[in-house]
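Please treat every number below as a calculation from the coordinates, not as lab data. Just so it is clear, the structure is predicted and the values come from calculations on it, not from any experiment. As a convention, Cβ positions derive from the backbone with ideal geometry for all residues, glycine included, and neighbour counts pool all protein chains shown.
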Amino acid sequence: MSVSNPNQQQPSDGRDRLRDAHSTSIGGSGRWSTKRIAIYALFVALTMVLSFFSFPIFPAAPWLKYDPSGIVVLVCGFAFGPAAAAIVSVLGFLPHLFTNPFGAIISMVVALALSVPAALIYRRMRSRAGALVGIVCGAVLAVLAAIACNVVITPLYAHMSMNAVLAMIVPILLPFNLTKFAIHGVVTFLIYKPISVLVNK
């Protein structure tokens, strides 16, 4: 015959469920808490804002412009995982659908190719080495996605033939995108850890 300890904490399933329903934890439980939604919204807003700040980085093609929004989606993926990266990659470029729909589609596809694979790799290898591998793999896929999108989509709105776009791959599109994602990768590698720690507090 067992005697219950009066000091032993009794189960409180009802209270626990109520507390979980209103939880603001953004830990590994995956719950859609108020705090998680707010932080996702912050990343989306930051992506939107930075996507409008662009400038040329490749003198041979000044019409191709760099914007730092890709850094935000990468950091978001490292901090919260591939699902968060996908959400921010899509919602962050929605305003451009009203002004430049083809460009917005390209931006979404490229952001997804960059951030989701990087976040998947980092989720399995949560280290500086894992982050580096994720960034490199994401950058390679993003370069391929950017070139493929330009070949398929650019002729639809830029009054250029597909052959003209194909002729631009080696001298223009490839070096521009390599430079762009190299900048994304270096900056992300330097800042992702302190930002992840900050937003997960």
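Distance between the modelled labels on Asp67 and Tyr157, one decimal in nanometres: 1.2 nm (7 Å Cα→Cβ projection).
For the range 82-110, the residues whose amide N sits under 19 Å from a probe point set 7 Å from the Cα of Val140 along the beta carbon direction are 110. Stretching the chain fully between Leu42 and Leu94 yields a gain of 17.2 nm (0.36 nm per residue, less the alpha carbon separation).
A Förster radius of 25 Å combined with the Cβ-Cβ distance from Thr34 to Ile195 puts the calculated FRET efficiency at roughly 0.80.
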